[in-house]
């Protein structure tokens, strides 16, 4: 399965992502600038903020209440498309997922 991250300057990074892995883990492994994952996916740092592209928002779904609160402290602009990539788990349904990195 694949996911693509679009950087603020328009460059794209596409990587293979194993089912069950978070998109934060995949981004860190692929050296995606702007995705740090400082807390390792425990939802305590908000350094894996992404914007889910419009075509994928319904499939990815919205944030939990706790994630929603954490999104208040992200760098870069928070939008309706904002998610913490540590909370998005790759699955067959998300093969081809496209995310935008709002801040590098």
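Things to note:
- Think of it as helices only: each DSSP H run of n ≥ 4 in the chain is worth -39500 (n - 2.57), and spread over all residues that comes to -3500 deg cm²/dmol at 222 nm.
- DSSP bridge orientation in the chain - percent antiparallel, rounded to nearest 5: 75
- Note on the stretch 2-100: Kirkwood radius taken over Cα pairs, Stokes-Einstein applied at 4 °C and 1.567 mPa s, translational D equal to 99 µm² s⁻¹.
- Comparing 58, 30, 46 in a Gaussian network model of the chain, where Cα atoms under 10 Å apart are tied by springs, the biggest mean-square fluctuation is seen for 58.
- Residues 70, 24, 1, arranged from fewest to most other Cβ atoms within 10 angstrom of their Cβ, appear as 1, 70, 24.
- Length released on extending from residue 9 to residue 69, taking residue separation times 0.36 nm less the Cα-Cα span: 18.8 nm
- FRET efficiency, 1/(1 + (r/R0)^6) with R0 30 Å, evaluated for residue 55 and residue 16 via beta carbons: 0.90
- Once the C-beta distance of residue 44 and residue 79 is scaled by a Förster radius of 25 Å, the resulting FRET efficiency is 0.70 to the nearest 0.05.
- The chain: relative contact order as a whole-number percent, Cα under 8 Å and 6+ apart: 42
Any read-out appearing in this document is the output of simple, stated calculations on the displayed coordinates, not a laboratory observation. Owing to the predicted nature of the structure, the values given are computational and were not obtained by experimental measurement. Heads up, the Cβs are rebuilt from the backbone with ideal geometry, glycines too, and the neighbour counts pull from every protein chain shown.
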